1. Would you pull out the residues with amide H under 5 Å of Val136's amide H, same chain only if 5 or more places away, H placed 1.01 Å from N?
2. Quick check on packing: order 22-33, 76-87 by the mean number of other C-beta atoms within 10 Å, highest mean leading.
3. Quick query: amide H of Glu90 versus all other amide H atoms, modeled in the peptide plane; which residues come in under 5 Å with a sequence gap of 5 or more or a different chain?
4. List every residue whose amide H lies under 5 Å from the amide H of Thr35, counting only residues 5 or more places away in sequence or on a different chain, with H placed 1.01 Å from N in the peptide plane.
5. Sort 56-66, 128-138 by packing, meaning the average of other beta carbons within 10 Å per residue, with the highest value first.
6. Where does the charge balance sit around Ile42 when Lys and Arg score +1, Asp and Glu -1, over other residues with C-beta under 12 Å from its C-beta?
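Derivation of every value follows stated rules applied to the coordinates shown; laboratory data play no part. Only a predicted model underlies this, so the values are computations on that prediction, with no experimental measurement involved. Every residue, glycine as well, gets a Cβ built from its backbone with ideal geometry; the counts of neighbours run over all protein chains shown.
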Amino acid sequence: MLKTYKNIVVAIDFSEKAKVAFERGMNVARLTDATLHLVSVIDTHSFGSVEAYDLKYAKALKEKTLDQLREYKVIAEQAGVKNVQVSVEEGSPKAVLTNLADTDLIIVGATGLNRAERFLLGSVSENVVRSAKCDVLVVR
């Protein structure tokens with residue numbers, strides 16, 4: 001029996017691979033009549049220490065990201081997706097994406113990291129595949 005998805009999360013970092021993930025997410029959401037959650041994660045760990053984390057900069061970045069996600073929402077709605085939600089989260093992308101409640105499918109783009117960076121950092125997609133409690137689709 002084919003699994004039906006109700007809540008699909010697409011990780012959006014505005015890269016080319018994220019655009020492919022978005023396209024795939026729209027298609028699956030249309031076919032399954034699922035809610036499409038477009039989620040962008042601001043990696044606050046990359047800001048370093050708390051003192052270096054400028055709250056004004058973070059707020060501006062969050063607003064800009066939310067505006068971009070709203071543009072994606074319009075595209076998805078015009079493509080026939082009935083329910084589209086957008087959110088900007090803060091924290092570790094790996095942790096945020098795998099801990100969202102009521103998610104049936106997470107769609108992420110494959111990373112462009114080279115071998116050394118992947119060894120040192122690990123990729124978001126690899127960690128999501130290992131840690132998620134639901135299905136994960138990694139698009140190339």
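1. Ile106
2. 22-33, 76-87
3. Sorted by chain and number, the residues that satisfy this are Ile42.
4. Amide H neighbours of Thr35, under 5 Å, 5+ apart: Asn7, Ile8.
5. Numbers: 56-66: 12.4, 128-138: 15.4.
With the highest mean Cβ count within 10 Å placed first, the list reads 128-138, 56-66.
6. Details: positive: Lys59, Lys62, Lys64; negative: Asp13, Asp43, Glu63, Glu89, Glu90.
With Lys, Arg at +1 and Asp, Glu at -1, the net is -2.
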